[in-house]
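Engineer: First the structure, then my questions, so here it is.
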Amino acid sequence: MTNELQKMEGMTPSTFNEAKEFSELVSKSDFVPVNYKGKPADILICIQMGHEVGLKPIQALQNIAVINGKPSLYGDSAIALCRVNPDFAGIEEKIIGSGAERKAVCTVQRLVKATNKIEKTIREFAWSDATRAGLTNRGPWKSYPDRMLQMRARGFALRDAFPDSLKGLITKEEAEDFPQEEQKNTVEIEVTTEKKQTETNFSDDAEVTKLLNHRSEGTTIEQTEEPLDVDIADKSVKDTDITTKEQAESFYDLVKVWAETCENVEELNNIFKNNKEQFKRLQNVDEEVYNKLLSNLKTKKGELNNG
């Protein structure tokens, strides 16, 4: 019994099929937040995002929320993730002033290994900032004004000091103040509709970059019936075919999450190089999903190039 309990303590999905089964099981449980109940696809992506920032599956479900269309971390989990970074050297939070003059100040300290010195990142968020943003009449800002100011200052300081730990995720408290997005996509992509039966070459970085800048031509791929199997830690799909639209959608979701965690164009290119056969198979199975994925990745590449 002791050995079984020890195994359970380290129970973490390591392949796509395991993660899918885990997500379907958890979606039926009362232990998950209500927003995840009955939504195994959302749970799967949440687990992947949690893995990227260092959260175990259940921790990810309890600490990652999608607010107004934006994945976000609860403020307390954001600080926890930064504390485990070996360069974390302390944090100080305080409220200065009172009434309409008060403001929250957060100071985060990080060790800079190159100089062996402590770097301080100081961020403030004042009541006047909240007023300009139209936040002060909202529920939590009325009930817990100091706490909301604290969370805003904390979120700014932690993101600026530890972008490598938070991977671009904002705090839940900040996401809740964002307006609902009305338009799903404002990026216009011009695509060529003519197809040729030729194999796409992914042999080097130049070809990978070309794929991001231009839509690849059609390919002819011999398919088998092996299931889609993903190595989550390696950001790659093993050498198995994508043969169904469900697998195509799953591959699309995974690559989209992987791309969001990329910090430079080289990492984005590596996703293509590590999954070159799968991109060919995706195009063969579902051209629409393939084009949508390339459009999203082209936009991501533009964001990375613009810094």
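Bear in mind these aren't lab numbers, they're just calculated from the coordinates by the rules spelled out. Values in this document were obtained by computation on a predicted structure and should not be read as measured data. Note that we place each Cβ from the backbone using ideal geometry, even for glycine, and neighbour counts take in every protein chain shown.
Engineer: Average the reciprocal distances over every distinct pair of alpha-carbons in the stretch 38-104, invert the result, and give the Kirkwood radius in Å.
Structural biologist: 14.0 Å
Engineer: Could I have the simple spin-label model distance between Lys39 and Leu111, label points 7 Å from Cα toward Cβ, reported in nm to one decimal?
Structural biologist: According to this spin-label approximation, the distance is 4.0 nm.
Engineer: Which whole-Hz ³J(HN,Hα) couplings does the stretch 127-139 yield from phi under the Karplus relation 6.51 cos²θ - 1.76 cosθ + 1.60, θ = phi - 60°, glycine and proline marked x?
Structural biologist: Values per residue, Gly and Pro as x: 4, 5, 5, 5, 5, 4, 7, x, 9, 5, 8, 7, x Hz.
Engineer: Among 36-42, 169-175, what's the highest-first ranking by average C-beta atoms within 10 angstrom per residue?
Structural biologist: In descending order of packing, they fall as 169-175, 36-42.
Engineer: How compact and how long is the stretch 87-184, expressed as Rg and Dmax of its alpha-carbon atoms in Å?
Structural biologist: 15.0, 47
Engineer: Another question, if that's okay. Rounded, prolate or oblate: which one fits the stretch 13-67, using the alpha carbon gyration tensor with axes a ≥ b ≥ c (rounded when a/c is under 1.5, else prolate when a/b beats b/c, else oblate)? Display every interim value, and only then the final one.
Structural biologist: Details: a/c = 1.72, a/b = 1.06, b/c = 1.62.
Oblate is the answer for the stretch 13-67, as a/c is 1.5 or above yet b/c matches or exceeds a/b.
Engineer: With the convex hull built on the Cα atoms of the stretch 1-157, state its orientation-averaged projected area in nm².
Structural biologist: Numbers: hull surface 52.7 nm².
Mean orientational projected area (the stretch 1-157, Cα hull): 13.2 nm².
Engineer: A further question on this structure: What list of ³J(HN,Hα) couplings, whole Hz, do you get for the stretch 104-119 from phi and the Karplus terms 6.51, -1.76, 1.60, once you set θ to phi - 60° and write x for glycine and proline?
Structural biologist: For the stretch 104-119, the Karplus-derived couplings read 9, 10, 10, 10, 10, 10, 9, 6, 9, 5, 4, 10, 6, 10, 8, 9 Hz, x marking Gly and Pro.
Engineer: Can you tell me how much longer the chain between Ser295 and Lys273 gets when fully stretched, taken as 0.36 nm per residue apart minus their C-alpha distance, in nm with one decimal?
Structural biologist: Length gained, Ser295 through Lys273: 6.2 nm.
Engineer: Arrange the following residues from fewest to most other Cβ atoms within 10 Å of their Cβ: Tyr290, Tyr144. Before the final figure, lay out the partial values.
Structural biologist: Values: Tyr290 22, Tyr144 12.
Starting with the residue having the fewest Cβ neighbours, the order is Tyr144, Tyr290.
Engineer: Something else about it: Using 0.36 nm per residue, how much length does the chain from Lys142 to Lys256 gain when fully extended, once their Cα-Cα distance is taken away? Display every interim value, and only then the final one.
Structural biologist: Numbers: separation 114, 0.36 × 114 = 41.04 nm, distance 3.73 nm.
Between Lys142 and Lys256, full extension yields an extra 37.3 nm.
Engineer: Can you give the local net charge around Ala80? Use residues other than it whose beta-carbon is closer than 13 angstrom to its beta-carbon, Lys and Arg +1, Asp and Glu -1.
Structural biologist: Every neighbour counted, the sum reads +2.
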